[in-house]
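I have placed the structure first, in the form of structure tokens, so that the comments after it can refer back to it.
The values are calculated or read from the model by the stated rules, or taken from the named source; none is laboratory data. These numbers come from a predicted model, not from an experiment. With ideal geometry, Cβ positions are generated from the backbone for all residues, glycine too; neighbour counts draw on all protein chains shown.
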Amino acid sequence: MRNNNFKVIRRLSNRNLRKNRMRNIFALSAIIITAVLFTTLFTLGFGLIQITQEQNMRQVGTRAHAGLKDVTKDQYDKITAHPLVKEHSYNIFIGNAKNKELVKRQTEIRYTEEQDLKYGFAVLEEGKLPVNENEAVVDTIVMDLMGIPHKVGEEIELKFNFMGEEITKRFTICGWYQGDPIAKASTVYLSRVYYDQISEPYTEDDFLKVTDETSGVGLIQGSIVFRNSFDIEEKMAKVIIESGYSVEDIDIGINWAYFTEVSGEADFISTVFLITVFLVILLTGYLIIYNIFQISIINDIRNYGLLKTIGATKKQIRRLVLRQAFLLSAMGIPIGLGLGYLIGNLFIPILFGNFTNMNIQNFHMKPNFYIFLFGGLFSLITIYISCRKPGKIAGNVSPIEAVKYTEGGNFRRKRKKSRHGVSLCNMAFSNLSRNRKKTLITISSLSLSVVLMIEVVTFSRSFSIDKFMEGMLTGDFMISSIALNNYHTNVNDMKLPEEYIKAIESLDGIETSGRLYTTSDRRNHTLSDTALNRFREFYEKGELKTYEEEYYRFMIEKTINEKLPITEQRYAFDETLLHKLKVLEGKLDIDKFRSGNYILVVPYPDMSGSYYKPGDKVMLNYHTSESVLEDVLYNNIIVDHVWRNDQTKEYEVMAVVDIPSSMTERRYYINSLITILPIDEFLENDNDAECFAKAYWVEDEKEPAFEKFLKNYSTKVNPNVDYESKEGIRAELSSMNNTINFIGGALSLIVGVVGILNFINTMITSVITRKREFAMLQSIGLTNQQLRRMLIYEGLSYLVLTALISLIIGSLLSVSLIRALNSMIVYFDYQFTLQPFVLLLPFFLIIGISVPMVAYRNSMKLSIVERLREAE
């Protein structure tokens, strides 16, 4: 009997589903939007993972799971014969290019097998691998630096060193591929015939004896691929041991780009961001779907009461409500998954392309089953959660209550008496309290978009270009050796060439300038007893850097127990630059500092204090002809060097200061002491003093010509030098701001659309469910114009409450959360703004008037008598 009843109930439900076309359209739209949001989020998330993994692989230089370094052919053959090894290939290192055009780009020369070329992300755009003695494959970065067209048949002259012999030879380009700026180096590939020719006089034993910078020449660099990327390190150890070697005999490399090998915790900010976006999407989907189905239940409440009269149970009615939702989901979710995946793919280059450290030019998103699985699953979960309460309402209603039910509940609700009579505004505002939950959900969904927009714009505007450039750039322009900012170069000398400075000094528009000095070699420093106690305290609090390496702990403990010297980084600046230092403790007196009896100390990055305080005495070392360099051993391995017999001089610490990174070497020796000396004192006593950079302040109108000169000089005259400019830094910040605005704006727009859909649905269904009420009011004298005005007032009441809530919550969040970032982000300068709120008001005003007008016109198509009869 119950099954027969359920069949009848299901047929009535299906008819009801077909009848409520307006509700179905809104519900289907809500489900599609929810599925689109989740699928877009997961597409972006998996896209970010894929981009990051591929970029890390490019930095490593291969997509192989592991590598063999500097092995012989016999070792390679035995190891790769192991059954765990699925694929393998190799290349042979020949040398590094010494062409002057390539000093800014490390360029390696190798022979390679075809499979190993593919592991290295090199796909030939034109041509083939070299076969003959004089053939070579080159990447576009090398070709551009040497001014060679991207064509097969062009010639390239290479200069390199092979086993101590300087070789200069011209090759014909038989193929070329796109260079990757993310990779640490470019590679030129030569033929096996040529390699055999130059290596013929040597044996593998000769290659194993090489210990200079060309170490590894002539030996095999193998690539290993397993069946999967799990436990790569353990697999490699097993392969090596079972091949008859020990792990100490074979130098291996593990491809850390594979996430299964990364043990570090996820970035906190990225994690919080993804969780926040996920929760916003979950809340957004819930608000719109819940609202639509709750209003639908209220609209069809009499039908559910009738179902009760023919024997429907609470459980059956709740199942029917869920069934209607899942029938609509069967149509909406697949559409949302497809659209979400397409939108996510469109957003990936827009979103991640704004990050200057990401190159996604050749990125292609790989279809991932989990994107659609998670997108569909979370959409269904959201729909289920959203429909539970409306289904419960429908299941609990009795037939008698259903007949008497109105939007606000039933007619027995006690109403307050008004002393001021009845007005259209009062009637409109009181209508909002008929169903407080519906009103709250509608206002919440509208307010959420405004609050998000306020926070996003405030966050974006608070990025200070001035503070950002203080840390990233000193002056309008800063010149240096390419070794200062570029680690992937053949140049190691950071000394700034004097001819570069002289060429710039002749330019017009220079207002002022300042030199930055350091030492060409690091110094050792023995901490005083007081400083050593502070050093110990920092270690006990976990503030000293160990990077989870045992020998770093060994060095720290040896410093504490045996007073082993620590490294000192020493700087000096022209006095025009001293005002860029931020005083943390003490006072910077330029006149006293100039005397040469005082120094400044800088806390090591991320430490809560410094080893020395103002007033402390410090002994600094200077190298002399009697200075001796001694090795520091750990497990019979040289881990550091210490200078002995240095000359010393005592200074007093004047102040503890913070130094912008732009005024440093952009690198730090672990747990080192950082000092700043007066310029004259530094140059007089330190024979290793060298200028590593110079800052220039230039007249605004002269800046374009100044930058043009620097660009030309650093590319055509001397590629060993480099420069940074204010415009380049501004472009970097602008890119970051664009990304923030894009993410926040898109999210706010989506939530805003959902809020507006909620509002439209609320107003239209409210008018539909109150047809009889409006007819009764008109039958006792309410005019069409008054009814229209009342509905407009009602719509505007929603928006007035939305504006008030958005203003209050947006302001509180901005002041409490966004403002707190001032102390967390050095280039953040909190600036509160209500511009998004002001700009959205006219738009909301139009929506608040037009939606009630449309609802009113639809409700007035029938006469008063027809509406009264229809409601019976």
Neighbours by Cβ (under 8 Å, 6+ apart or cross-chain): first from the range 828-845, closer than 16 Å to LEU812 by Cβ; second among the hydroxyl-bearing types (Ser, Thr, Tyr) and not in a helix (DSSP H, G or I): TYR830/SER462
Extreme residue, modelled with the lowest pLDDT, among residues of the range 780-827 that are part of a loop (DSSP other than H, G, I, E, B) and of a type outside the set (A, V, I, L, M): TYR827
For the range 27-55, which residues satisfy the criterion of being farther than 17 Å from ALA746 by Cα, hydrophobic (A, V, I, L, M, F, W, C) and under 15 Å from the mean Cα position of the chain (by Cα)? PHE46, LEU48, ILE49, ILE51
For the range 188-277, which helices (runs of 4 or more DSSP H) that fit wholly inside it have 3 or more residues that are at pLDDT 90 or above? 192-199, 232-242
Does at least one position in the range 606-618 carry a residue that is touching a Pro at 6+ places or on another chain (Cβ under 8 Å) and of a type outside the set (Phe, Trp, Tyr)? yes
Looking at the structure I just gave you, is ILE674 β-branched (Val, Ile, Thr) and closer than 24 Å to CYS691 by Cβ? yes
Which number in (1) free of Cβ contacts under 8 Å to residues at least 24 places away in the same chain; (2) crowded, with 21+ Cβ neighbours inside 10 Å marks the one condition that MET236 misses? (1)
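Which one of ASP574, ASP591, ASP521 is within 30 Å of ILE479 (Cβ to Cβ), of a type in the set (D, E, K, R) and modelled with pLDDT under 90?
On the way: ASP574 fails: modelled with pLDDT under 90; ASP591 fails: modelled with pLDDT under 90.
Answer to the check: ASP521.
Restricting to the range 693-732, name every residue that is farther than 29 Å from MET146 by Cα and surrounded by 19 or more Cβ atoms within 10 Å (Cβ to Cβ).
ALA695, TYR696, VAL698
I'd like to check something: does the range 489-509 contain any residue that is assigned to a strand (DSSP E or B) and under 39 Å from the mean Cα position of the chain (by Cα)? Explain how you work it out, then say what you get.
Initially, the range 489-509 is screened for residues assigned to a strand (DSSP E or B), giving none.
Taking every residue of the range 489-509 in turn, none turns out to be assigned to a strand (DSSP E or B) and under 39 Å from the mean Cα position of the chain (by Cα).
If you check GLY216 against the conditions, is it surrounded by 14 or more Cβ atoms within 10 Å (Cβ to Cβ) and out of contact with any Leu (no Cβ under 6 Å at 6 or more places or on another chain)?
Taking the combined requirement at face value, the residue satisfies it.
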Being buried (at least 17 other Cβ atoms within 10 Å of the Cβ), modelled with pLDDT under 85, assigned to a helix (DSSP H, G or I) and not charged (D, E, K, R) is true for just one of LEU380, LEU322. Which residue is that? LEU322
Any pair with Cβ under 9 angstrom, 6 or more apart, that starts in the range 310-335 at a residue that is at positive phi and ends at one that is of a type in the set (A, V, I, L, M, F, W, C): GLY311/MET1; GLY311/VAL8; GLY311/ILE9
Give me the pairs: first residue in the range 159-173 and within 17 Å of GLN106 (Cα to Cα), second residue of a type in the set (A, V, I, L, M, F, W, C) and not in a strand (DSSP E or B), beta-carbon distance under 8 Å, and six or more apart or on different chains, which are they? PHE162/ILE198; PHE162/VAL217
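If you take the residues of the range 73-110 that are over 30 Å from ILE482 (Cβ atoms) and out of contact with any strand residue (DSSP E or B) (no Cβ under 7 Å at 6 or more places or on another chain), which of them is surrounded by the fewest Cβ atoms within 10 Å (Cβ to Cβ)? Spell out the reasoning first.
We begin by selecting, within the range 73-110, every residue over 30 Å from ILE482 (Cβ atoms); these are 73-90.
This time we only want the ones that are out of contact with any strand residue (DSSP E or B) (no Cβ under 7 Å at 6 or more places or on another chain), so: 74-75, 77-78, 81-84.
Values: ASP74: 10, GLN75: 21, ASP77: 14, LYS78: 17, ALA81: 11, HIS82: 16, PRO83: 7, LEU84: 12.
Restricting to residues being over 30 Å from ILE482 (Cβ atoms) and out of contact with any strand residue (DSSP E or B) (no Cβ under 7 Å at 6 or more places or on another chain), the top hit is PRO83.
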If a residue must be at pLDDT 75 or above and either crowded, with 18+ Cβ neighbours inside 10 Å or touching a strand residue (DSSP E or B) at 6+ places or on another chain (Cβ under 6 Å) (or both), how many such residues does the range 383-397 contain? 3
Return only the number of the condition from (1) touching a strand residue (DSSP E or B) at 6+ places or on another chain (Cβ under 8 Å); (2) buried (at least 18 other Cβ atoms within 10 Å of the Cβ) that LEU544 does not satisfy. (1)
Do we have any residue at all in the range 587-600 that's under 19 Å from GLU665 (Cα atoms) and either of a type outside the set (Val, Ile, Thr) or loosely packed, with under 13 Cβ neighbours inside 10 Å (or both)? yes
Please determine whether any residue of the range 445-463 is surrounded by fewer than 21 Cβ atoms within 10 Å (Cβ to Cβ), among the hydroxyl-bearing types (Ser, Thr, Tyr) and modelled with pLDDT under 70. no
Quick test for you: out of PRO678, PRO660, PRO614, PRO605, pick the one residue that is crowded, with 16+ Cβ neighbours inside 10 Å and either of a type in the set (Phe, Trp, Tyr) or out of contact with any helix residue (DSSP H, G or I) (no Cβ under 7 Å at 6 or more places or on another chain) (or both). PRO614
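Which of the residues belonging to the range 329-347 are of a type outside the set (Gly, Ala, Ser) and either in contact with a strand residue (DSSP E or B) (Cβ under 9 Å, 6 or more places away or on another chain) or farther than 16 Å from PHE38 by Cβ (or both)?
Start the filter on the range 329-347 by keeping residues that are of a type outside the set (Gly, Ala, Ser), which leaves 331, 333-335, 337, 339, 341-343, 345-347.
Passing the criteria: MET331, LEU346.
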Residue list for the range 64-90, restricted to those being of a type outside the set (Lys, Arg), within 16 Å of LEU208 (Cα to Cα) and outside any loop (DSSP other than H, G, I, E, B): LEU68, ASP70, VAL71, ASP74, GLN75, TYR76
